[in-house]
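Take a look at the structure set out below.
Laboratory data are not the source of any read-out in this text; all were calculated from the coordinates shown. The structure displayed is predicted, hence computed values, not measured ones.
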Ligand code: HEM
């Protein structure tokens, strides 16, 4: 136990925590993006999928129970991810109160600043998104369980669609840097495969971006109605 605490106190330990909790969210984001593509198959398919999410785990779990277990898991991982990120930022500010003016460090500080701002934008997006499509209090005509209806009405407004598209851009950049540094932190490191790490992170980020934005664009273009 003491070893775990000592590891967590170090910056390496915090990076490991960030990488592991990041992997959980990468899994969720990819699954969510693939699930959303059902919107192109019509109302019945995507609404049925929404219902499946509430029914999964039956008969061991009651209606919506397993979904709540997963929601709590996601909430805990995101809280730990943000906490470790905040502590790492404070540690680096304490170690370096005056910012570097030397060129070799510029790229690193640019990447970490992008990650911090990206994280804040994604956090604000997720709060708005839950109010929009899950709680329904910022939706003009929210129907509980009517996933297809909610998507079509929600994205018919182009400013809303634009907010989603910009947020997905921030998510893609965050994923690209995050997946790449996750490979480093978790030591996924082999001279034969190292040159594939950046392209792999880029392909994943691009696929997530294209998959997610296809839904608001599909509604605006009339392909989802
Ligand atoms: C264009 C992009 C997106 C669309 C169209 C979309 C669509 C939706 C919809 C329709 C729901 C409600 C599903 C239901 O009630 O059954 C939902 C829930 C949710 N979405 Fe998204 N989503 C998008 C992006 C994201 C992103 C990037 C994240 C996280 C980084 C995210 C996180 C969530 C979460 C946490 C829920 C709540 C799941 C639950 O607890 O039931 N979404 N999304």
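Tabulated values for the structure
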item	result
Zero-based 5 Å bins, Cα pair distances in the range 1-86, whole percents	3, 13, 16, 17, 16, 12, 9, 8, 4, 2, 1
Tilt relative to the chain, helix 65-95 - C-alpha long axis, 0 to 90 degrees, to 10	30
Degrees separating the helix 197-220 axis from the principal Cα axis of the chain, which is the longest one	30
Shape box of the chain [Cα atoms, principal axes, largest first, Å]	54, 42, 39
